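The values are calculated or read from the model by the stated rules, or taken from the named source; none is laboratory data. As the structure is a prediction and not an experimental result, all values here were calculated from the model. Note: ideal-geometry Cβ built from the backbone for every residue, glycine included; neighbour counts use all protein chains shown.
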Amino acid sequence: MKKLLFLIFCIGMLIAAAPVKNGYEVGDTATDFKLKNVDGKMISLADYKNAKGFIVIFDCNTCPYSKAYNERIIELDRKYSAHGFPVISINANEGSGDSFNDMVRVAKKKAYKFPYLQDDTQAIAKAYGATNTPHVFVLAKDLKVAYIGAIDDNPRNADGVTKRYVQEAVDALIAGKTVPITKTKAIGCGIKWKRG
């Protein structure tokens, strides 16, 4: 009996020590979602019948890194939505300055042409494994994750960029080639999670 209890204890410890998967990895298939856009409509990836993929960006209104990347995000949508890779921006941040009304104000001020969705339960950010703002997930047409990480290699200065990770990933997918760099560290403010 003691041996059986010891064996059960050991198995329990192994299970408890096993790494818990937190979000998607490159090659995983992302699940679709339905979130409220700043225009009040509910948006899902399935709504984009002609999409060849997506540039999903977890972003917010308040982070200095998000603000520094704002024009680059607008440019990504301008450049790639016509090629079937629209930007889908998602705000999961909790806190002052990131309410739905704040999102509406920012989207209007910046004249966003892409959806800016509220993940008010933070379930989508958690499912994806988003940790920072901005944090990018480039998805292929079949929703397979092709790239995860930063937009480029210079979060502070667009003029100092030498590697455009998201552009390189999307260009490769459009050309039917292998994505050259599939994962980088997302640089930005940590997502403010709800308590409790």
Can you name the residue in segment 150-178 that is in contact with a helix residue (DSSP H, G or I) (Cβ under 7 Å, 6 or more places away or on another chain) and surrounded by 19 or more Cβ atoms within 10 Å (Cβ to Cβ) and is also modelled with the lowest pLDDT among such residues? 155
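Matching residues to (1) modelled with pLDDT of 95 or more; (2) closer than 21 Å to residue 166 by Cα:
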| residue | (1), (2) |
| --- | --- |
| 16 | no, no |
| 51 | yes, yes |
| 69 | yes, yes |
| 93 | yes, no |
| 100 | yes, no |
Quickly run through segment 162-178 and pick out the residues that are assigned to a loop (DSSP other than H, G, I, E, B) and touching a residue at least 60 places away in the same chain (Cβ under 8 Å). none
For segment 136-149, which positions are closer than 20 Å to residue 60 by Cβ and in contact with a helix residue (DSSP H, G or I) (Cβ under 8 Å, 6 or more places away or on another chain)? 136, 137, 138, 149
Test for residue 192: is it within 26 Å of residue 47 (Cα to Cα), touching a residue at least 12 places away in the same chain (Cβ under 8 Å) and basic (Lys, Arg): no
Only residues that are surrounded by 15 or more Cβ atoms within 10 Å (Cβ to Cβ) and small (Gly, Ala, Ser): list them for segment 92-145, please. 92, 99, 107, 125, 127, 129, 130, 140
Looking only at segment 71-87, which residues are under 21 Å from residue 100 (Cα atoms) and crowded, with 16+ Cβ neighbours inside 10 Å? 73, 74, 87
Looking at (1) in contact (Cβ under 8 Å) with a residue 60 or more places away in the chain; (2) of a type outside the set (A, V, I, L, M); (3) more than 24 Å from residue 154 (Cβ to Cβ), which one does residue 97 not meet, given that it meets all the others? (1)
Exception for residue 191 within (1) hydrophobic (A, V, I, L, M, F, W, C); (2) out of contact with any Phe, Trp or Tyr (no Cβ under 8 Å at 6 or more places or on another chain); (3) within 22 Å of residue 61 (Cβ to Cβ) falls at (2)
